[in-house]
Each structure stands twice: as C-alpha cells, then as structure tokens.
1. Among the residues of the range 92-117, what is the count of those that are assigned to a loop (DSSP other than H, G, I, E, B), at positive phi, open to solvent by less than 40 Å² (accessible area, probe 1.4 Å) and touching an Asp or Glu at 6+ places or on another chain (Cβ under 9 Å)?
2. Would you check which residues across the range 254-279 are under 20 Å from Glu164 (Cα atoms) and either surrounded by 13 or more Cβ atoms within 10 Å (Cβ to Cβ) or touching a strand residue (DSSP E or B) at 6+ places or on another chain (Cβ under 9 Å) (or both) and list them?
3. Among the candidates Tyr19, Tyr11, single out the residue that is open to solvent by less than 50 Å² (accessible area, probe 1.4 Å) and within 24 Å of the chain's Cα centre (by Cα).
4. Among (1) closer than 16 Å to Asn80 by Cβ; (2) open to solvent by 60 Å² or more (accessible area, probe 1.4 Å); (3) basic (Lys, Arg), there is one condition Arg135 misses while meeting the rest; what is its number?
5. Provide a single number: the residues in the range 194-246 that are crowded, with 16+ Cβ neighbours inside 10 Å and basic (Lys, Arg).
6. Is one or more of the residues making up the range 129-138 hydrophobic (A, V, I, L, M, F, W, C) and closer than 28 Å to Asn28 by Cβ?
7. Kindly establish whether Arg31 is touching a helix residue (DSSP H, G or I) at 6+ places or on another chain (Cβ under 7 Å) and in a loop (DSSP other than H, G, I, E, B).
8. Do any helices (runs of 4 or more DSSP H) entirely within the range 137-254 hold 1 or more residues that are under 16 Å from the mean Cα position of the chain (by Cα), within 26 Å of Ala77 (Cβ to Cβ) and touching a residue at least 24 places away in the same chain (Cβ under 8 Å), and if so, which?
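The values are calculated or read from the model by the stated rules, or taken from the named source; none is laboratory data. Please read all numbers here as calculations on a predicted model, not as lab measurements. In this analysis, Cβ positions are derived from the backbone assuming ideal geometry, glycine residues included, and neighbour counts consider all displayed protein chains. In case anyone asks, the SASA skips ligands and DNA or RNA and just uses the protein heavy atoms, side chains included. Shrake-Rupley method; radii C 1.70, N 1.55, O 1.52, S 1.80 Å.
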Amino acid sequence: LFGISRQINTYESGGNFFYIDAARGMFNPVRSTFPDDPTGVIWTIDAFDTAPQNDDFEIGHVASSTNPFQRPIATSAHWNAGIAYRYYEQTFDRTSIDGQGGNIVSMINIVDEDGSALDNAFWNGAAMFYGNGNREFSQPLARSLDVAAHEMTHGVIEETANLEYLNESGALNESFADVFAVLIDNANYTLGESVVNPSIFRSGVLRDLGNPNNGGNSLADIGYQPDHVNEQYRGSEDNGGVHINSGIPNHAFYLFATNSNVGRQKAEQVYYRALTEYL
C-alpha cells in the first residue's frame with residue numbers, strides 16, 4: 001500500500017500462490033493440510049467486504065495464478081504480520097502469538113455491520129481484522145505496521161497477562177499494545193501516521209506516546225489522551241476509558257525508554273517481562 005514491491009512467502013499449490021507463509025520455524029508440516037488447514041503459518045484471508053457479525057460473513061483464500069501479482073492490501077497485511085512475528089521471535093524467543101507456534105491470521109477487507117467501510121482494525125481472540133478506512137482513516141488499516149503490531153500484541157496480551165478489558169486494567173491492555181507497536185515499528189513513538197485522515201487528526205497521528213494530549217486540550221479534541229493521572233478519565237464510556245487512559249502508561253513508557261540510562265532495548269525487555277511474568 002506504499003507502492004513498494006515486496007518479496008513475501010507464499011505457498012504454491014495446484015498452480016496457485018496462496019498467501020500462506022510456511023517458511024517460518026514454527027511451521028508444522030505433519031499437522032498441515034494445504035491450502036485449507038495449515039499449522040504454524042502466517043496466513044492472510046479475504047473477507048470480501050463482509051462483516052464478521054453478520055450471517056453473510058464470507059472468507060476465502062487470497063491467491064494468484066501469476067507471480068508477481070498485484071494485491072496491495074493483502075501484501076501489506078502479510079508483510080506486516082511477518083515483521084511482527086520476527087520481532088517477537090528474535091527479541092523474546094516467542095514463537096507466534098500464543099508462544100507455541102499457532103497460526104497468525106490476518107483478515108482483510110472487513111466492513112461494518114451496515115455494509116459501510118470500516119474505520120477500525122481489531123483483534124477478536126483468533127485473528128487480526130482490518131477495515132479499509134472511512135472517515136477517520138483515509139487508508140486501509142493494513143497499510144500500517146504499528147496498527148498490525150498493536151492488534152497482534154493484543155493476542156500476546158491475551159495469551160499472557162490476559163488483562164481484563166475494563167477500567168485501569170483495560171487501559172494497561174491498550175497501552176501494552178501501543179508500546180510494542182512502537183517498538184516493532186521502531187521509527188518513532190507515534191502510531192497510525194500512515195493511515196489517519198489528517199483533516200480529522202490534526203497532529204497527523206492517531207496516538208503519540210511522547211505527547212498523549214496529541215495537540216488537544218480535552219476529550220473534546222479528537223486524538224487527545226491524558227498524560228498523567230491528574231487528567232485521568234473516571235467515567236464509564238469506552239469500557240471505563242481503556243483507549244483514553246492508556247495515554248498515561250503510554251507516556252510512562254516513553255519517559256522510561258528515552259531515559260539516557262535505559263533506552264529502548266532495555267525498556268522492551270522490562271516491559272515484556274512485566275507483561276508475561278508479573279501481570
């Protein structure tokens with residue numbers, strides 16, 4: 001989706017190249033049947049502009065009989081999932097989301113329940129789901145590495161601390177997903193800059209760990225988050241402010257990681273250990 005040619009791992013069967021990456025160390029050939037039931041793969045699946053909440057939800061393979069091929073949304077989702085997988089494997093010796101070589105599945109071309117374009121990406125407990133943007137997002141969300149890393153990390157959180165998605169626990173859940181998103185993207189401390197609509201998010205980013213207020217002054221400003229407990233939201237909306245109050249621990253991570261005695265490499269080890277062993 002950046003207009004860059006990518007070399008990706010696919011699986012060739014019956015003259016078709018499927019968006020199934022079986023070239024990782026987690027691949028289990030004994031338990032795999034291709035192309036419909038592989039084990040230990042990175043797998044990108046098309047939802048054909050349907051909604052998972054509806055009875056007409058439809059999914060199918062992303063495949064091509066030619067190589068190279070033009071499937072930009074699928075290629076971005078596949079590419080980004082591979083980068084996130086490699087980060088967890090190389091940095092923490094973690095094998096896939098569940099730590100046991102389970103499939104990493106991306107569902108693309110998801111729409112809202114009413115059939116409109118979806119302004120969201122989400123983790124549902126089994127896969128990452130990507131909308132193609134509507135008002136707040138001007139690009140398909142699969143374009144963004146930090147969005148992919150955020151959603152995949154929700155899976156890692158579920159498999160480890162399993163932080164309840166409510167109030168402060170839920171804000172920590174969202175914050176850990178943001179923290180590892182910026183660590184995996186590794187370009188800055190912001191999220192969503194490659195997909196947001198800049199006429200909606202005036203700062204040009206979805207969230208900013210270095211400045212959670214994100215150019216705003218209050219919750220009335222789109223993109224605003226508190227950066228300190230003295231600004232903490234205490235209401236019931238958004239499951240007790242899980243996407244709002246995550247700005248507070250987000251900023252704590254930023255201050256920790258940018259401390260000259262710590263740095264990103266030490267910070268990621270501390271945060272992963274906290275998530276997987278203490279929380």
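1. Adding up the residues that qualify gives 2.
2. The answer is Tyr271, Tyr272, Ala274, Leu275, Thr276, Leu279.
3. Result of the check over Tyr19, Tyr11: Tyr19.
4. (1)
5. Residues in the range 194-246 being crowded, with 16+ Cβ neighbours inside 10 Å and basic (Lys, Arg): 1 in total.
6. yes
7. no
8. Ranges flagged: 145-159, 167-185.
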